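We did not get these values from a lab; they are worked out from the coordinates using the rules stated. Because the structure is predicted, anything quoted here is derived from the model rather than measured. Because the Cβ atoms are built from the backbone with ideal geometry, glycine has one as well, and the counts that use them run over all protein chains shown.
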Amino acid sequence: MVVLERALPTRAGRSVDRVSVPSGVALKRLLGRPALYVVIALWMVCTLGPYVVMALTSVTPESQLVAYGMSRLPSQLSLRGYAELFSTTPFVHYMVNSAVTALGTVVFALVVASAAAISLSRFRFRGRTTVLTALLVAQLFPAVLLVIPLSTMLRSGHLLNSRPGLVLVYVTFATPFATYLLKGFLDGLPRELDEAATVDGCSPMQMVGHILVPLLRPGLTAAGTYIFIFSWNEFLYALTFTSSTAAQTIPVGLQLFIGDYEIRWDLLTAGGVIAAVPVLVGFMLVQKQLIGGLAAGAVKG
Amino acid sequence: MTSLTAAGPARRKRRLDLTVPLFLSPTLLLLLVFVAYPFLRAIWLSFTDTSLLGGTLGFVGLDNFRSLFADPSFPTYLRNSVAWTVGGVGLQLVFGVAGALILNQRFRLRGVVRGLAMIPWATPSVLVALIWMWLLDPNHGLVNAVLTRVGLMHSPVAWFGNPHSALATLVVVDAWQGIPFFAVMVLAALQAVPEELKESARTDGCGVLRVFRYITVPSILPTVLITLVLRLIWTANYIDLAYVLTGGGPGIASTTVPLQSYLTAYKEGALGSGAGYAVVQALVLAVLVAIYIRLTQRREA
C-alpha cells in the first residue's frame, strides 16, 4: 500500500522524478529501508496477529473472557478450554475423521496424480492437450453446482456420512492440481535420464519405477502436503455429505460449535488452534516447493 | 546384437501404448464419474422439482428458472455476488501486487516472511471465519475495543449483524485470506523478470518508475491477468465464509447467488430449484473460464 502511495505523487511530476532519482535505484531505496521494514512488520502483524489472539484466547480463563474479552492479556493461563473440548465434546472424533480422511486422500490422490503426471510429462500422445485442459476445467466447476448431484450419487452408493465417500470426492478434486504440481516437477527433470534408462533396456514401467519415482520424491512431498491441506481444510462437501460424528471432520465440527458454544470462546479457539497446527506446520515445512509449484501450476496451465 | 537393437524400439512402442492409458485411466475415470456426470446431472436436476428427501422427480421444464428470475430477491443476490467478487478480488489485486513488490525486495529473513505471509492460504476457511468472528465480536472483540479506545468509533459495531456492513466485512475477511496467494503468484512472475533488462534500462537513464512501467509491468502482466481471472472464478464460487459468518444475513444482505443455491438446496430442501441457481452461476462463470483457458494456453504456446 505504501508503495502505491509513495509512487503516485512522483509519477505526476515525472521531470522531478528524473532529476532527483539517479539511475539504478531500486524500489527499496525509493521507500527507504526503515520504511520497508515497517511495512513488512505491519503486514506480519496483520497476518499473524489474529492467530496470536486465537492462541491467547484459548488459554485465557473463561471468566476473564466473559468480563473483558481480549482487551486484556490473560492474567493467568488456563487449559480448561482444551480439557473441556476433549472431555465434553466429540472433538476427538472430528480429529480422527479429519486425519483418516486427509491421509487416505493423500495416499490415493498421490498414486492417481503421479501416474497422470508421468504420462503427461514423459509421453506424447493424441489427446494430451485435451486431458490437460480437462484437468484445468475440472478445478473451475462451482462446488455448489456439483455438490447437489454428488450428494444424491453418494446416497445411492451408500457413501453418505462415510469417510470413504469423502475420500473419493476429495481425491477427485485434489488430483487435478496435484497432477499439475507433479507434472511441473517432472518437466524439470532431465529427459536424458529416462532416455538413458530406455537405451539400457528398461521397460517404460521399470523406467518409471527405478528412475522417475525416486527422483520425484521432493515433488511428492509438496503435492502430498497440498493434498493434505486441501482435505483437512475442505468445508462445503464435508458439511453436506456428513451428518454424524462417524464422519464429520474438524471444519464441520467447528462450525457446529459456533452455534452450540456461542459464548465459550476459550473452547472454540482451543478447537481452532488444534485445527490450525497440522496444516500450518506441514505448510511451513514445504512452503518453498509448494509456493513455487502453486505459482507455476496456476499460470502455465 | 543386431536383433536386439531391432527389437528394442518395436517393443518399446508397444509398451508405450499401454502405459499411457493405464496411467491416465484413474484420473479420467474420477473426472468422468465425479465431475462430468454430476455436471450433466445438475443441469438435469435444474429442470426437475426433486427435493432433498428424495421426493418427486418430476420434469418441470423451465419452472425453476422462471420462479428464480421472478423472485424479487434475485436482483439482490446478483448485486451481492458482484459486490462480493469484485470487492474481494479488487482488494486482492491491489494489495497482492503491492505485497509481491515488497516480498521481491532484499531484506533480512525474506524466506521466512514469504512463508509466513502465505499462512492464511493454508488455513481452513471455517477457522478464518471463527478467528474473525471473535476479533469482530460486538461485545468482546479486539477490533471494536481498539477502535473505540483510540476514538475512531463511539460505540462497538456489530460488523456482521448490520445489513450495511455485513457484506463489506465479509469482503475484507476474504481479502485478508486471499491477498497472500495473489502476492505469491505475482512474486513468481517478478522473479522471472530478467535483471539484465532492468539494468540496461537503468543505464539508459530510466528512473525507478519508468523501469517499473516499461519493463516490470509488461513482463508480469500476463500472470497478473491469469491470477485475476482465476481469483474471480474462485471468489465468485466461494461461500464458506458467508455461510459460517452471516448465513447470508441479516435478511438477505450478504446472500450471493451460489449461497442462495446452497441454502435453497439444503435449508429448504429444494434440490431442483437449488440446482437452478447453480446452473445460472455456472453459465455466467463459463465466460470467465473460457477467458482463463485462453490466457493459459496462449502462455504455453
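A few remarks follow.
- Over region B:112-249, the Kirkwood radius and the radius of gyration, each from Cα atoms, give a ratio Rg/Rh of 1.12.
- Tensor-based shape of chain A (alpha-carbon gyration tensor, a/c under 1.5 rounded, otherwise prolate or oblate): oblate
- By the Cα gyration tensor, the protein assembly as shown has an equivalent ellipsoid whose semi-axes, rounded to whole angstrom, run 38, 35, 25 from largest to smallest.
- Which of B:W84, B:Q177, B:S73, positive extreme of dipole for chain B (C-beta unit charges): B:Q177
- Mean partner shielding of peptide A:273-284, defined as the number of other chain Cβ atoms within 10 Å of each residue Cβ, is 3.
- Three-way shape label, region A:32-122, alpha-carbon gyration tensor, a/c 1.5: oblate
- Value of Rg/Rh across chain B [Cα atoms, Kirkwood radius]: 1.09
- Value of [θ]222 nm, deg cm²/dmol, for chain A, DSSP H segments ≥ 4, -39500 (n - 2.57) each, nearest 500: -25000 deg cm²/dmol
- Likely footprinting exposure, A:W265, A:W43, fewest C-beta neighbours within 10 Å first: A:W43, A:W265
- Taking every lysine pair in the protein assembly as shown that is 8 or more places apart or spans two chains, those with Cα atoms closer than 21 Å amount to 4.
- Top positive-direction residue, dipole computed over chain B with Cβ charges, set B:P218, B:G269, B:L40: B:P218
- Per-q log10 I(q)/I(0), region A:175-270, q = 0.16, 0.19 Å⁻¹ (Debye; single scatterer per alpha-carbon; no solvent): -0.77, -0.92
- Put a plus charge on the Cβ of each Lys and Arg, a minus charge on the Cβ of each Asp and Glu, and nothing anywhere else: the dipole of the protein assembly as shown about its Cα centre is then about 1880 debye.
- Placing unit charges on each Cβ (+1 for Lys and Arg, -1 for Asp and Glu) gives chain B a dipole about its Cα centre, and among B:G161, B:T19, B:A100 the Cα reaching farthest toward its positive end belongs to B:T19.
- Think of each Lys and Arg Cβ as +1 and each Asp and Glu Cβ as -1; about the Cα centre, that makes the dipole of chain A roughly 1020 debye.
- For region B:168-188 versus region B:103-161, the spacing of their alpha-carbon centroids is 13 Å.
- Under-5 Å amide H pairs with B:T48, H placed in peptide plane, nonlocal only: B:V60
- When only alpha carbons are used to place a centre, region A:249-275 and region B:27-88 end up 31 Å from one another.
- Check: chain B dipole with +1 on Lys, Arg Cβ and -1 on Asp, Glu Cβ, in debye: 1160 debye
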